[in-house]
Amino acid sequence: MTPREKPTPAIVRQRRPALALIAASCGVALAVIIGGVVGGLRINTTPSEPLGLWRVAPLDRPVQPGDMVFVCPPENDAVFEGFVRGYLRAGLCPGGFGPLIKTVAAIAGQRIDVAGDVTIDGRPIESSNLVSRDGQGRPLRPYGGGTVPAGFLFLHSPFPGSWDSRYFGPIPASGVLGLAKQVLTYAP
């Protein structure tokens, strides 16, 4: 070591990796934000569908039963209650709600019957058992059933604790943002 060189203080040596980690984290966050805006990427943090990175794919045809979609829930009392209870996250949909990832179980004109489980046009939906209380013991009111009106969809998720049309009823098809495609996900 020459007389002009000074040893690097320990605190400076510790800051470099921390700054590199912060810079890398900011880069990843920026990439996710750009991917979300430009590429239609979304992160799912709810257990109703696999956790992780999803993509909103354009839908160039009418929605059909079996389609898994991203959908903005309507601004109504049932959805607001779900938001207050924590079933919905905040997001960019009207009303400040985050979009849902659900499977379209029925479309306009189909008959929904709700009892211990759900039937559509007389056929039971697999994994559609209703629960009377949520995970915190609060009562859940099931949808009363009926024919899905024109311009509406009945949504479902096979996850037992899913909050879907079994509880809030059919929702407007105009809220569909596109098909939900898994990019990098895992089911815990």
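The values are calculated or read from the model by the stated rules, or taken from the named source; none is laboratory data. The shown structure was predicted, so the numbers you read here are calculated from the model rather than taken from an experiment. Ideal geometry is used to build each Cβ from the backbone, glycine not excepted, and the neighbour counts take in all protein chains shown.
For the reader, a short list of remarks on this structure follows.
Conditions (1) charged (D, E, K, R); (2) modelled with pLDDT of 95 or more; (3) assigned to a loop (DSSP other than H, G, I, E, B), marked per residue:
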| position | (1), (2), (3) |
| --- | --- |
| Leu88 | no, no, yes |
| Gly109 | no, yes, yes |
| Gly116 | no, no, yes |
| Gly135 | no, no, yes |
| Arg141 | yes, no, yes |
| Phe159 | no, no, yes |
| Trp163 | no, no, yes |
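- Thr103 within 27 Å of Gln182 (Cβ to Cβ), surrounded by 14 or more Cβ atoms within 10 Å (Cβ to Cβ), touching a strand residue (DSSP E or B) at 6+ places or on another chain (Cβ under 6 Å) and not hydrophobic (A, V, I, L, M, F, W, C): yes
Quick grid of which residues meet (1) hydroxyl-bearing (Ser, Thr, Tyr); (2) surrounded by 15 or more Cβ atoms within 10 Å (Cβ to Cβ):
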position	(1), (2)
Glu75	no, no
Gly95	no, yes
Ile120	no, yes
Tyr143	yes, yes
Ser162	yes, yes
Ser165	yes, yes
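- Of the criteria (1) of a type in the set (Asp, Glu); (2) in contact (Cβ under 8 Å) with a residue 24 or more places away in the chain; (3) touching a Pro at 6+ places or on another chain (Cβ under 8 Å), which one Asp113 fails: (3)
- Flag if Val84 is farther than 22 Å from Met68 by Cβ and of a type in the set (A, V, I, L, M): yes
- Positions within region 41-68 being in a strand (DSSP E or B) and either farther than 20 Å from Gly109 by Cα or modelled with pLDDT under 95 (or both), in sequence order: Leu41, Arg42, Ile43, Asn44, Leu51, Gly52, Leu53, Trp54, Arg55, Val56, Ala57
- Residues being of a type in the set (Gly, Ala, Ser), assigned to a strand (DSSP E or B) and loosely packed, with under 15 Cβ neighbours inside 10 Å - total across region 167-187: 0
- Among the residues of region 159-178, those that are farther than 14 Å from Asn44 by Cβ and out of contact with any helix residue (DSSP H, G or I) (no Cβ under 8 Å at 6 or more places or on another chain) comprise Pro160, Gly161, Asp164, Ser165, Arg166, Pro170, Pro172, Ala173, Ser174, Gly175, Val176, Gly178.
- Criterion: in contact with a strand residue (DSSP E or B) (Cβ under 6 Å, 6 or more places away or on another chain) and either at pLDDT 80 or above or of a type in the set (A, V, I, L, M, F, W, C) (or both) - qualifying residue of Val71, Val12, Val38, Val28: Val71
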